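K.L.:
Just passing along the structure, written as structure tokens.
The values are calculated or read from the model by the stated rules, or taken from the named source; none is laboratory data. Given the structure is predicted, the values throughout are model-derived calculations rather than measurements. Neighbour counts are summed over all protein chains in view; Cβ atoms, including those assigned to glycine, are modelled from backbone coordinates with ideal geometry. When the accessible area is computed, the model is the full protein with side chains, heavy atoms only, and any ligands, DNA or RNA have been set aside. Shrake-Rupley method; radii C 1.70, N 1.55, O 1.52, S 1.80 Å.
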Amino acid sequence: MEYLDFELPIKELEEQLVKCTLIGEESDVDVSITCSQIEQKLEETKKNIYKNLTPWQRVQLSRHPNRPYTVDYIKALCGDTFLELFGDRNVKDDKAMIGGLGKIGDQSFMFIGQQKGYNTKTRQYRNFGMANPEGYRKALRLMQMAEKFNIPIITLIDTPGAYPGLEAEERGQGEAIARNIYEMFRIKVPIICIIIGEGASGGALGIGVGDRVTMLENTWYSVISPESCSSILWRSWEYKERAAEALKLTSFDMKKSKLIDDIIQEPLGGAHSDREATFDAVRNYIVTTYKDLAAMPVKKLLEERMDKYFEMGEYKS
């Protein structure tokens, strides 16, 4: 188990609880009362820490190495029914962007999302979740396929941004993302977008236009990361916490600004602390939301999708 810096008090109490339990098992001393007191203190400490997280701490949780990624969600939601589809039919298959068909219950969905790696080798293989133009073109191809066969679309967003390399720009990174945003407004099937980790810049928006956009509780969604914002404004990463606060990038900030529709609550400690509970929450959200969207006529679905984005940024003086 890996701990973030603000989780160190939890680590100390958990280590004390393990030692207390071992003493009780290896000797005749009754330590049940002591263990109970430690457990109670541990629970209180967790509540105090996780109910009062700063924006920067939520950014840290969104990047936790044990946090579930897109493939984990798809496996949990679809089991053996998932069929991955490959390639943009133009350049190559982008390993940072995965997609395919899967079922939740009896309903088929087209799943599309960014995938990060679990270790150095797989992170390089997945390009750290940063898709190239062919990744966004693959995503669009799969969305258009889903539209053709009247299959609803689920996008799982978790990226530090689109790949900023020279070769990506040469192959039209900006155009690929812009094309996706444009076409997603016109896709004639329900689209549900869920931010499961990092939602950074155009890399997230490239698969982020939908009828319902939701965030897991401890995720972030912004035009720029706190570190990059800090480096631009203050020429240093030392102000990343201040930048995270100013960017209003948490799920609660985004909901308050009406830039997302819903927030999916995470277990105490984050999505990685209880994966099954997180998967169940996401599954229930998808099933419930799809029922609402499926009942809408296509014309109304597209009108409401368009109106939702047109209303963003409006204000009354």
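K.L.:
Is it true that residue 299 is more than 18 Å from residue 58 (Cβ to Cβ), among the basic types (Lys, Arg) and modelled with pLDDT of 95 or more? Please lay out each step first, then the result.
P.N.:
On the way: more than 18 Å from residue 58 (Cβ to Cβ): yes; among the basic types (Lys, Arg): yes; modelled with pLDDT of 95 or more: yes.
Taking the combined requirement at face value, the residue satisfies it.
K.L.:
Would you point out the residue of region 95-125, among those that are open to solvent by less than 10 Å² (accessible area, probe 1.4 Å) and in a loop (DSSP other than H, G, I, E, B), that is modelled with the lowest pLDDT?
P.N.:
Within region 95-125, the first condition is being open to solvent by less than 10 Å² (accessible area, probe 1.4 Å), and the residues that meet it are 96-100, 102, 109-115, 117.
Restricting the remaining residues to those that are in a loop (DSSP other than H, G, I, E, B) gives 96, 115, 117.
Details: 96: 97, 115: 97, 117: 92.
The qualifying residue modelled with the lowest pLDDT is 117.
K.L.:
Continuing with the same structure: Here are 39, 26: which of them is over 25 Å from residue 197 (Cα atoms) and surrounded by 12 or more Cβ atoms within 10 Å (Cβ to Cβ)? Working first, answer last.
P.N.:
On the way: 26 fails: surrounded by 12 or more Cβ atoms within 10 Å (Cβ to Cβ).
One residue alone meets the criteria, 39.
K.L.:
Name the residues in region 58-87 that are aliphatic (A, V, I, L, M), farther than 20 Å from residue 277 by Cβ and assigned to a helix (DSSP H, G or I), would you? If you could, list the steps in order and put the result at the bottom.
P.N.:
Looking only at region 58-87, we keep the residues that are aliphatic (A, V, I, L, M), and these are 59, 61, 71, 74, 76-77, 83, 85.
In the following step, the residues that additionally are farther than 20 Å from residue 277 by Cβ were identified as 59, 83, 85.
Selection gives 59 alone.
K.L.:
Continuing with this model, one more query. I'd like the residue in region 157-191 that is in contact with a strand residue (DSSP E or B) (Cβ under 9 Å, 6 or more places away or on another chain) and closer than 14 Å to residue 114 by Cβ and, out of all such residues, is most open to solvent (accessible area, probe 1.4 Å). First the steps, then the outcome.
P.N.:
Residues of region 157-191 in contact with a strand residue (DSSP E or B) (Cβ under 9 Å, 6 or more places away or on another chain): 157-162, 184, 187, 189-191.
Subset that is closer than 14 Å to residue 114 by Cβ: 157-162.
On the way: 157: 0, 158: 3, 159: 0, 160: 55, 161: 6, 162: 24 Å².
Among those residues, the one meeting the criterion is 160.
K.L.:
Another question about this same structure. Could you list all residues from region 280-300 that are among the acidic types (Asp, Glu) and in contact with a Lys or Arg (Cβ under 7 Å, 6 or more places away or on another chain)?
P.N.:
Start the filter on region 280-300 by keeping residues that are among the acidic types (Asp, Glu), which leaves 280, 292.
None; the set is empty.
K.L.:
Among the residues that make up region 32-48, is at least one of them under 30 Å from residue 160 (Cβ atoms), out of contact with any strand residue (DSSP E or B) (no Cβ under 6 Å at 6 or more places or on another chain) and among the hydrophobic types (A, V, I, L, M, F, W, C)?
P.N.:
The answer is no, given that none of the residues of region 32-48 is under 30 Å from residue 160 (Cβ atoms), out of contact with any strand residue (DSSP E or B) (no Cβ under 6 Å at 6 or more places or on another chain) and among the hydrophobic types (A, V, I, L, M, F, W, C).
K.L.:
Output the residue which, of all residues in region 218-234 that are touching a Phe, Trp or Tyr at 6+ places or on another chain (Cβ under 8 Å) and surrounded by 21 or more Cβ atoms within 10 Å (Cβ to Cβ), is farthest from residue 128 (Cα to Cα). First the steps, then the outcome.
P.N.:
Of all residues in region 218-234, those touching a Phe, Trp or Tyr at 6+ places or on another chain (Cβ under 8 Å) come to 226-227, 230-231, 233.
So of that shortlist, the ones also surrounded by 21 or more Cβ atoms within 10 Å (Cβ to Cβ) come out as 226, 230.
Values: 226: 18, 230: 21 Å.
Only one residue tops the list, namely 230.
K.L.:
Here's something else I'd like to know. Given the conditions (1) in contact with a Ser or Thr (Cβ under 9 Å, 6 or more places away or on another chain); (2) part of a helix (DSSP H, G or I), which single one is not true for residue 224?
P.N.:
Residue 224 satisfies all of (1) in contact with a Ser or Thr (Cβ under 9 Å, 6 or more places away or on another chain); (2) part of a helix (DSSP H, G or I) except (2).
K.L.:
Also: Can you say whether residue 207 is out of contact with any Lys or Arg (no Cβ under 9 Å at 6 or more places or on another chain), part of a strand (DSSP E or B) and either closer than 25 Å to residue 307 by Cβ or without any contact (Cβ under 8 Å) to a residue 12 or more places away in the chain (or both), as far as the supplied structure shows? Show your work before the answer.
P.N.:
Working: out of contact with any Lys or Arg (no Cβ under 9 Å at 6 or more places or on another chain): yes; part of a strand (DSSP E or B): no; either closer than 25 Å to residue 307 by Cβ or without any contact (Cβ under 8 Å) to a residue 12 or more places away in the chain (or both): yes.
It is false that residue 207 is out of contact with any Lys or Arg (no Cβ under 9 Å at 6 or more places or on another chain), part of a strand (DSSP E or B) and either closer than 25 Å to residue 307 by Cβ or without any contact (Cβ under 8 Å) to a residue 12 or more places away in the chain (or both).
K.L.:
Output the qualifying pairs, or none if there are none: Cβ atoms under 8 angstrom, residues six or more apart or on different chains, first residue in region 68-82 and of a type in the set (Phe, Trp, Tyr), second residue in a loop (DSSP other than H, G, I, E, B) and open to solvent by less than 30 Å² (accessible area, probe 1.4 Å).
P.N.:
69/115; 69/116
K.L.:
Considering region 160-187 alone, what residues qualify as being aliphatic (A, V, I, L, M) and in a helix (DSSP H, G or I)?
P.N.:
From region 160-187, those aliphatic (A, V, I, L, M) are 162, 166, 168, 176-178, 181, 184, 187; that's our starting set.
Once the filter is applied, which keeps residues that are aliphatic (A, V, I, L, M) and in a helix (DSSP H, G or I), region 160-187 yields 166, 168, 176, 177, 178, 181, 184.
K.L.:
Among the numbered criteria (1) at pLDDT below 95; (2) more than 16 Å from residue 129 (Cα to Cα); (3) not aliphatic (A, V, I, L, M), which one does residue 65 miss?
P.N.:
(2)
K.L.:
Can residue 316 be described as without any contact (Cβ under 8 Å) to a residue 24 or more places away in the chain, part of a loop (DSSP other than H, G, I, E, B) and not aromatic (Phe, Trp, Tyr)?
P.N.:
Values: without any contact (Cβ under 8 Å) to a residue 24 or more places away in the chain: yes; part of a loop (DSSP other than H, G, I, E, B): yes; not aromatic (Phe, Trp, Tyr): yes.
Yes; evaluated as a whole, the condition is true for this residue.
K.L.:
Could I ask something else about it? Just to be sure I understand, how many residues within region 265-288 are open to solvent by 50 Å² or more (accessible area, probe 1.4 Å) and part of a helix (DSSP H, G or I)? Don't jump to the end; show me each part of the working.
P.N.:
In the first step, residues of region 265-288 are kept if they are open to solvent by 50 Å² or more (accessible area, probe 1.4 Å); the result is 265, 268, 273-276, 280, 283-284, 287-288.
The next check asks that each one be part of a helix (DSSP H, G or I); those that pass are 273, 275-276, 280, 283-284, 287-288.
Summing the residues that are open to solvent by 50 Å² or more (accessible area, probe 1.4 Å) and part of a helix (DSSP H, G or I) in region 265-288 gives 8.
K.L.:
Here are the criteria: (1) of a type in the set (Lys, Arg); (2) in contact (Cβ under 8 Å) with a residue 12 or more places away in the chain; (3) in a helix (DSSP H, G or I); (4) surrounded by fewer than 18 Cβ atoms within 10 Å (Cβ to Cβ). Tell me which single one residue 291 does not satisfy.
P.N.:
Going through (1) of a type in the set (Lys, Arg); (2) in contact (Cβ under 8 Å) with a residue 12 or more places away in the chain; (3) in a helix (DSSP H, G or I); (4) surrounded by fewer than 18 Cβ atoms within 10 Å (Cβ to Cβ) one by one, residue 291 breaks only (2).
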